[in-house]
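Structure first, then comments.
The values are calculated or read from the model by the stated rules, or taken from the named source; none is laboratory data. Predicted model only: the values in this text are computed from it and were never measured. When we count neighbours, we look across all protein chains shown, and the Cβ atoms used for this are built from the backbone with ideal geometry, even at glycine. The area values use the complete protein model at the heavy-atom level, side chains included, leaving out ligands, DNA and RNA. Shrake-Rupley method; radii C 1.70, N 1.55, O 1.52, S 1.80 Å.
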Amino acid sequence: MPAERKPMRYGHTEGHTDVCFDHTGKYIVTCGSDGDVRIWESLDDDDPKSINVGEKAYSMALKDGRLVTAVSNNTVQIHTFPDGAPDGILTRFTTNANHVVFSESGTHVAAGSSDFMVKVIEVSDSSRQKTLRGHNAPVLSVAIDPKDVYLASSSCDGSVAVWKISEQTQVISWNVLQKSSDVSNAKSICRLTWQPSNGKLLAVPVDKAVQLYERDSWNNVFNLSDDFITQPVNVVSWSSCGKFLAAGSVGGFMSVWNVETKECLEREKHEKGYTVCGLVWHPSGSQIAYTDTEGCLGLLDGLSSGVAKTPMTAAAGKEVKDYDDLFDGDDDGLLEEDPSETRSPPKRPLLDDEDEDDLMPSLSRPRKRGAILDDDNSMDVGSLKLGVGKDGEDDDSASLVQLAPVSSALRPAYEGPLPTPRQKPFQTGSTPVHLMHRFLVWNSVGIVRCYNDEQDNAIDVEFHDTSVHHAMHLTNSLGYTLADLSQEAVLLACESTDELASKLQCLHFSSWDTNKEWMVDMPKEEDVQALCLGQGWAAAATSALLVRIFSMGGMQREIFSLPGPVVCMSAHGEQLMIVYHRGTGFDGDQSLGVQLLQFGKRRRQILHGDPLPLSKKSHLAWLGFSAEGTPCHVDSEGVVYMLNRSLGNTWTPVCNTREHCKGKSDHYWVVGIHENPQQLRCIPCKGARFPPTLPRPAVAILPFQLPYCQIATEKGQMEEQFWRSMLFHNHFDFLAVSGYEFDEAGKSLVQKEQQELLMKMFALSCKLEREFRCVELAELMTQSVVTLAIRYASRSKRMALAQRLNELALEKAAEITAQQQEEEEQEDFRSHLNAGYSTTDSEWSQPRVMNQRRQQQPHAEEEEEEEEEEEDAGAEEETPECEMMEADEVPETKKQRLNPFGKATSSPEKPAPKPVLKATKEGRVNPFKVAGVVKSPGFTAGQPRTANILDSMAKSTKKPSALGGQAASKQKSPVLKPLLPKPRTKTQATLFQTGPKTASKKTEEKPSKEEKESRVQSENPVHAAAENTENRKPKTGFQLWLEENRKGILADQPDLDEAEIIKEGMVRFRALSAKDRLSLTEKAKGGAVGDCAEVKKRKRVEGEGGEVLVNETAEGDANSSKKKKPLDTSSKLSAFAFSKD
């Protein structure tokens, strides 16, 4: 032997199943709790014939074209085989029958029932039947003697009885079983059986062994057992020759013995460890079919009685086959060494770290081994027996090794975890390769099907969106087994053969030229094991531990090595994710590593072979990316993991599909993941792990849910929703950093929902009097929401909490201010470099500086036109307090150049969301500014207006404006906008203020009402924007739009104050198109001319040194850029020269 364990096939729903072969061995017949009998031509039969015999089928027997079944309506029915036509009812019971068998002659059928009775019915005349009474509990199983003389039965009363059929009397009974009240509660179903042909031996499964009783004498002649079997034996079956006995246990363990030598020849374990409840030999003796309690069918192939004479050789061969790649053959020499040269091991062998000790035989007492997967170490020495004395010491070396019928004195000493067989490579979205009709790939682009049968061997490509490409039908003459599909191409690969190398073929259907296909042959003895398609490139992982990158046109690009054998690959855009074996797993766990690489202009490796988390005793089932580009994977237990980029690239479980399955054998086959909206797209598979190709399966959508504690409570639900929202919208930041477009309105809406959840949790914590938790929640809020939380705490009469929240709000404001100032300094420094800034007067005579100023302000003129007719001499009303505040903000090196009499306005400050804060250089004074209106011919409607904060917010980079970008003429003053004010830039107080300090002293005499308001605003920045809004008429497109839509904003959110209304209006105004914003600006221009009498004016003042000192009015918008009147270079130089004289 050794045997090959075939992959399990789904046959029935979960529950008890039974299996048998027909007399020719051509068909495998199964029945299950779904009431169906299925006829399989082979294990690979995708469409077995199904016969419905009732609601549930408990047992069946097949002989001479007759199929007998025990079904849930308390009857034993008979059908023709293989047609499945009903042929009558053999007998009835008062409750359901548990087991039916044919006699070897086929003339009688025996059935045992839960009503304690056993019946023997003649097939030709069902009226002739014999009833055997004597059991005191439901009957578990029955078996008829091959000579039709005796019948054996087992029962839940713990007894095994032998009956003489003709006399309907009990010959003998053994109380060897554990008692139970019903079949469903029995530890074992105890499927006993007679030895074929002569019926010399009766095999009875008792606990973890098989007891054999001799015919007529009814003595227990010997037992068959093995330490491999650690749970009760459920079913036994004789081979047709009567020399071999197979047993299946509750734990999924299967063993085969040679009854004559009493040696265990074969050990196998169910791939999932499910209980084996059906077991039968093929008539030829080369196969064993078995079924489990989950409705699956399996097959052990390659059993041969010929090699049974040398079980040690066969077992050693299998051990080398299974573990050669794990131990590199170093342990094989253990069993080849001369036993006489080995020293006597102690009674309790030590487990050393060396591999040789793992298989060292122990001479002490036997040790239990537990559940071991595919282990044959004990089989290797099964026919050896070491001579051991009573005290455990060795006998003389001459008698050290000798053949023995039972391998009970020798066991392997190693009891630790055994290595897990490595998962084979697979393609994401594909079904198993052994199927004749299978999916090569199913992804978000389309479906690739493969048909490999007698009629056709072809590949069909179908696109979800037919506008990408029409469906394709390809011949599969090379036998492609791997495929991937993108919106650019179809990638196919096949394995190598003796004549042909492994090939990689690409059908680039999006190519603009006529040659749309290319093919590459892999080097000799190198097979493609995984492949994927990215944006403009393709990748293939091979058996040589290499990853080969190709361009979409077929050019070979990079090539690099993998640390271990590949398991799966996936790509999305410029990202490539590879999962490989980073080591050997133990106890059913896989040891996988993952690499994540990013191509494109910024080539880098994000994940450097980090361990891939999986559920316990599971394997990787799906690997890919979400539609937004976030790496995800799914394990065989149905747990979906997503990469959390904001937490150090850790993996977070976001869904468990098993929680949505109705039955144990049901699964969900994942085909796609979406983050916005949150959708897990998968295909429900009834009783299977993968869907059939035909009919086309329907896609279901499952919700995500993070495994948080107490998810049934309101607190747990909101916590889960908030952090799931945070996780699932990290892709906005990733897309922004990567330079991709994304929905800013959607991001704002998500942030609003997150803040609402925080506020709900805050309110709940207040009700629960968890004030410390309230502060923790407030730390996650924005400043505006913290203000709302303070209001809620005050109304709830929690003044201590309100005080702490107030301190937190001040801290947040300080952080925003510090960040704002830091950004301003960076922008100022960058602007100095760009503008060639220096402290000498001669810099203004350099045309380069003026040209740069004009180039950096090509779009400022339109804003200036709006303001030119509105300026007056109000610049004289500025107060010195603002000036002193500015002087405090200037670094020491710049305070030396400060003009205390220079006119400048301190801008009140209110913290605002970060995208609104934009530090610029518009604070510098323009000495060339003169009164006059010059329309810039270079401004077009298609150009962005940097003067509008709503337009500048849409930019992804911050650009410094030109030198003196905010200065105005002596008659003009910028329009005050009702937006959040910005802090004054450092250079406003430093440029052109080198004249005497008494130069403009008269301008400080008359402080105006507006300047007083400005001082109040600077002292109380929270209310500055609201007051400005009340005292000034809107003169910009945004202000005009805000007046029209203010009622709508208040209707949606009645709790907003003035500053928050402006914020919300900014968000909505940004969502408008550029054309709409421009039209509003043009509309506002018409109404700005008549407002000149209401606006503060700038005044042009000459200092003693002849310098032009220009005072600026307060600017309400924290991010707006004031525009200059366009002047040609000659006019500016003329004005400057005149003033100097």
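Within region 496-509, not a single residue is within 24 Å of the chain's Cα centre (by Cα), open to solvent by less than 40 Å² (accessible area, probe 1.4 Å) and touching a residue at least 24 places away in the same chain (Cβ under 8 Å).
Selection within region 716-744: residues that are open to solvent by 40 Å² or more (accessible area, probe 1.4 Å) and touching a helix residue (DSSP H, G or I) at 6+ places or on another chain (Cβ under 8 Å). The member of this set that is farthest from residue 772 (Cα to Cα) is 741. The requirement of being crowded, with 16+ Cβ neighbours inside 10 Å, in a strand (DSSP E or B), touching a Lys or Arg at 6+ places or on another chain (Cβ under 8 Å) and not charged (D, E, K, R) is fulfilled nowhere in region 52-69; no residue meets it. Inside region 70-84, residues that are more than 26 Å from residue 117 (Cα to Cα), in a loop (DSSP other than H, G, I, E, B) and open to solvent by 40 Å² or more (accessible area, probe 1.4 Å) make up a count of 2. Taking region 252-278 as the range and being under 24 Å from residue 666 (Cα atoms) and open to solvent by 10 Å² or more (accessible area, probe 1.4 Å) as the test, the residues that pass are 269, 271, 272, 273, 274, 275. Within region 595-602, can one find any residue that is at pLDDT below 95, among the aromatic types (Phe, Trp, Tyr) and either more than 26 Å from residue 729 (Cβ to Cβ) or surrounded by fewer than 16 Cβ atoms within 10 Å (Cβ to Cβ) (or both)? So far as region 595-602 goes, no, none of its residues is at pLDDT below 95, among the aromatic types (Phe, Trp, Tyr) and either more than 26 Å from residue 729 (Cβ to Cβ) or surrounded by fewer than 16 Cβ atoms within 10 Å (Cβ to Cβ) (or both). Take residue 149 and decide whether it is hydrophobic (A, V, I, L, M, F, W, C) and open to solvent by less than 20 Å² (accessible area, probe 1.4 Å). No: the conditions fail for residue 149.
Residues of region 45-82 that are of a type in the set (D, E, K, R), closer than 30 Å to residue 453 by Cα and touching a Gly at 6+ places or on another chain (Cβ under 9 Å): 49 alone. Would you mind stating whether residue 141 is over 55 Å from the mean Cα position of the chain (by Cα), polar (S, T, N, Q) and either in a loop (DSSP other than H, G, I, E, B) or closer than 24 Å to residue 177 by Cβ (or both)? Answer is no for this residue.
Of the residues making up region 792-801, those that are assigned to a helix (DSSP H, G or I) and either modelled with pLDDT under 90 or among the hydroxyl-bearing types (Ser, Thr, Tyr) (or both) are 792, 794.
Filtering region 35-48 to residues that are under 22 Å from residue 100 (Cβ atoms) and either modelled with pLDDT of 90 or more or polar (S, T, N, Q) (or both) leaves 35, 36, 37, 38, 39, 40.
Kindly indicate whether any position in region 181-189 is surrounded by fewer than 21 Cβ atoms within 10 Å (Cβ to Cβ), of a type in the set (D, E, K, R) and either free of Cβ contacts under 8 Å to residues at least 40 places away in the same chain or assigned to a loop (DSSP other than H, G, I, E, B) (or both). Yes: one or more hits. A search for C-beta distances below 9 Å between a residue of region 405-432 that is at pLDDT 85 or above and open to solvent by less than 30 Å² (accessible area, probe 1.4 Å) and any residue that is among the β-branched types (Val, Ile, Thr) and in a loop (DSSP other than H, G, I, E, B), counting only pairs 6+ apart in sequence or on different chains, returns 419/584; 420/584; 431/693.
Taking the options 638, 687, name whichever one is in contact with a His (Cβ under 9 Å, 6 or more places away or on another chain), without any contact (Cβ under 8 Å) to a residue 40 or more places away in the chain and at positive phi. Just a single option satisfies the conditions, and that option is 638. Evaluation of residue 207 against the conditions (1) in contact (Cβ under 8 Å) with a residue 40 or more places away in the chain; (2) open to solvent by 30 Å² or more (accessible area, probe 1.4 Å) shows that the sole unmet condition is (1). Taking first residues from region 137-148 that are closer than 10 Å to residue 195 by Cα and partners that are open to solvent by 10 Å² or more (accessible area, probe 1.4 Å) and among the hydroxyl-bearing types (Ser, Thr, Tyr), the Cβ contacts under 7 Å between residues at least 6 apart in sequence or on separate chains come to 146/197. Residue check: residue 609 meets all listed conditions (1) within 27 Å of residue 506 (Cα to Cα); (2) outside any loop (DSSP other than H, G, I, E, B); (3) of a type outside the set (Ser, Thr, Tyr) but one, namely (1). Residues in region 40-50 that are in a strand (DSSP E or B) and open to solvent by 10 Å² or more (accessible area, probe 1.4 Å): 2 in all. If you go through region 146-170 and keep only what is closer than 14 Å to residue 188 by Cα and assigned to a loop (DSSP other than H, G, I, E, B), you end up with 156, 157, 158. Taken over region 621-658, the criterion of being open to solvent by 30 Å² or more (accessible area, probe 1.4 Å), under 25 Å from residue 424 (Cα atoms) and outside any strand (DSSP E or B) is satisfied by 637, 658. Every test in (1) touching a Leu at 6+ places or on another chain (Cβ under 7 Å); (2) under 23 Å from residue 1059 (Cα atoms); (3) open to solvent by less than 60 Å² (accessible area, probe 1.4 Å) is passed by residue 794 save one, and that test is (1).
The rows are residues; the columns are (1) part of a helix (DSSP H, G or I); (2) open to solvent by less than 30 Å² (accessible area, probe 1.4 Å).
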{"position": "764", "(1), (2)": "yes, no"}
{"position": "769", "(1), (2)": "no, no"}
{"position": "786", "(1), (2)": "yes, yes"}
{"position": "790", "(1), (2)": "yes, no"}
{"position": "803", "(1), (2)": "yes, no"}
{"position": "806", "(1), (2)": "yes, no"}
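Restricting region 104-116 to residues that are within 55 Å of the chain's Cα centre (by Cα) and open to solvent by less than 40 Å² (accessible area, probe 1.4 Å) leaves a set whose member that is farthest from residue 63 (Cα to Cα) is 115. Figure legend. Inter-residue proximity from region 1-28: first residues buried (at least 23 other Cβ atoms within 10 Å of the Cβ), second residues of a type in the set (Lys, Arg) and at pLDDT below 90, beta-carbon distance below 7 Å, spacing 6+ or different chains. Indicated pairs: 2/318.
Select from region 757-775 the residues that are of a type in the set (D, E, K, R) and under 10 Å from residue 718 (Cα atoms) and list them in ascending order. Across region 757-775, the qualifying residue is only 760.
Applying the selection to region 129-143, what residues are within 19 Å of residue 203 (Cα to Cα) and either touching a Lys or Arg at 6+ places or on another chain (Cβ under 6 Å) or open to solvent by 20 Å² or more (accessible area, probe 1.4 Å) (or both)? 141, the sole residue that qualifies. Under the condition of being more than 14 Å from residue 258 (Cα to Cα), touching a residue at least 40 places away in the same chain (Cβ under 8 Å) and outside any strand (DSSP E or B), the residues counted in region 216-242 number 5.
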